Each structure stands twice: as C-alpha cells, then as structure tokens.
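The values are calculated or read from the model by the stated rules, or taken from the named source; none is laboratory data. All of these numbers come straight from a predicted model, not from anything done at the bench. Cβ atoms come from the backbone with ideal geometry, glycine included; neighbour counts cover every protein chain shown. These accessible areas exclude ligands, DNA and RNA; they are computed on the full protein's heavy atoms, side chains included. Shrake-Rupley method; radii C 1.70, N 1.55, O 1.52, S 1.80 Å.
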Amino acid sequence: MAAAGSFRKAGQKLGIGQSAVSRRVHKVEEFLGISVFERQTTGASLTYVGRRFVATTRSASKKIEVAVRDARTCAVGDGGNPALRLRRSRRQPIPVRSAQ
C-alpha cells in the first residue's frame, strides 16, 4: 500500500479489492495504536511514524528472506558436508567440527 499511493491501486497490485486493503491497514493501525496513513480524497500517504514503520519492516523482511535462503541452502545445497552447513554470511562458511 505504501508504494501504491492508494488503497485501490494497492488492491489491484495484490489482486484484492480496495475494501480488503483498507480493512487490513485498519487492523495494523489498531494493533499498533497509531495511524500509519493519512487518508485524502486523492489517495493516502504514510505518516512520519508510518514511514519509520515501513522502513523497519522492510529491513526485517530482507533479513528473514536471507535467513530462509541460508537455511534452505544448508539443508539441501551443501552435499551433506558439515563444514558448509552453517554460514556467517552468503560467502563465508563457518567450519563445523564433527563430534567423532
């Protein structure tokens, strides 16, 4: 919704109706106890707090995507080599000692 600029456009991008987007945003705002959007007749824009919230959630989302990708790589992409199962980053393997 933040990128679309209106509930209608966000609904079109998501394949759902404007009212469904509006209800979901309202639920988020109720949960947070703040207004995330300023609503105008021409659309909606993020409040200051909304901009901060979106920036933080985008950052968290990217970290979760990396964690999921790394977990999947460790589970199937290493050929069973224990030395490659845990990684500090996408490029640096952490050696894992066997308990033998």
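Here are the numbers for this structure:
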{"item": "Where a residue in the range 29-54 is under 14 Å from GLY5 (Cβ atoms) and touching a residue at least 24 places away in the same chain (Cβ under 8 Å) and its partner, wherever it lies, is open to solvent by 20 Å² or more (accessible area, probe 1.4 Å) and in a loop (DSSP other than H, G, I, E, B), with Cβ under 6 Å and at least six apart", "result": "GLY43/GLY5; LEU46/ALA2; VAL54/ALA2"}
{"item": "Residues (open to solvent by 90 Å² or more (accessible area, probe 1.4 Å) and assigned to a loop (DSSP other than H, G, I, E, B)) located in the range 40-67", "result": "THR41, THR42"}
{"item": "Of all residues making up the range 37-89, the number that are touching an Asp or Glu at 6+ places or on another chain (Cβ under 7 Å) and either modelled with pLDDT under 70 or acidic (Asp, Glu) (or both)", "result": "3"}
{"item": "Index of the failed condition, LEU14 passing every other in (1) under 18 Å from the mean Cα position of the chain (by Cα); (2) closer than 15 Å to VAL54 by Cα; (3) open to solvent by 20 Å² or more (accessible area, probe 1.4 Å)", "result": "(2)"}
{"item": "Qualifying positions in the range 7-37 - part of a helix (DSSP H, G or I) and hydroxyl-bearing (Ser, Thr, Tyr)", "result": "SER19, SER22"}
{"item": "ALA4 vs. criteria surrounded by 12 or more Cβ atoms within 10 Å (Cβ to Cβ), without any contact (Cβ under 8 Å) to a residue 12 or more places away in the chain, part of a loop (DSSP other than H, G, I, E, B) and at negative phi", "result": "yes"}
{"item": "Only listed residue being open to solvent by 100 Å² or more (accessible area, probe 1.4 Å) and of a type in the set (A, V, I, L, M, F, W, C), chosen from PHE37, PHE31", "result": "PHE31"}
